[in-house]
Amino acid sequence: MEALQAMQAFARVAELGSFTRAADELGLSRAMVSTHVHRLERRFSLKLLNRTTRRISLTEVGAA
């Protein structure tokens, strides 16, 4: 079940381009959304998002 939540969190972050907006829509804390995405990346040994202090973008793998 946690994998499903992680995928849902990643999908919302990817669609909205924001961990904060995704957290608000999912009713979770920003930290929990970040944790879900991090665990998903770790589980599949893939980097799904490029993160900077100003923006988030999908990697090629994340977009696929």
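Across the stretch 3-37, which residue is nearest to residue 58 (Cα to Cα) among those that are small (Gly, Ala, Ser) and open to solvent by 50 Å² or more (accessible area, probe 1.4 Å)?
31
What's the number of the condition residue 40 fails, among (1) open to solvent by less than 100 Å² (accessible area, probe 1.4 Å); (2) outside any helix (DSSP H, G or I)?
Going through (1) open to solvent by less than 100 Å² (accessible area, probe 1.4 Å); (2) outside any helix (DSSP H, G or I) one by one, residue 40 breaks only (2).
Specify the residue that is nearest to residue 34 (Cα to Cα); the eligible residues are those in the stretch 46-64 that are among the β-branched types (Val, Ile, Thr) and surrounded by 10 or more Cβ atoms within 10 Å (Cβ to Cβ). If you could, list the steps in order and put the result at the bottom.
Taking the stretch 46-64 as the starting set, the residues that turn out to be among the β-branched types (Val, Ile, Thr) are 52-53, 56, 59, 61.
If we keep only those that are surrounded by 10 or more Cβ atoms within 10 Å (Cβ to Cβ) too, we end up with 56, 59, 61.
Numbers: 56: 12, 59: 16, 61: 18 Å.
Per the criteria, the residue is 56.
Could you say which residue among 54, 21, 12 is free of Cβ contacts under 8 Å to residues at least 40 places away in the same chain and not in a helix (DSSP H, G or I)?
The conditions single out 54.
The values are calculated or read from the model by the stated rules, or taken from the named source; none is laboratory data. Here the structure is a predicted model, which is why all the values come from computation and not from measurement. FYI the Cβ positions are ideal-geometry reconstructions off the backbone, even for glycines, and counts take in every protein chain you see. These area figures cover heavy atoms from the full protein model, side chains too; ligands, DNA and RNA do not enter into them. Shrake-Rupley method; radii C 1.70, N 1.55, O 1.52, S 1.80 Å.
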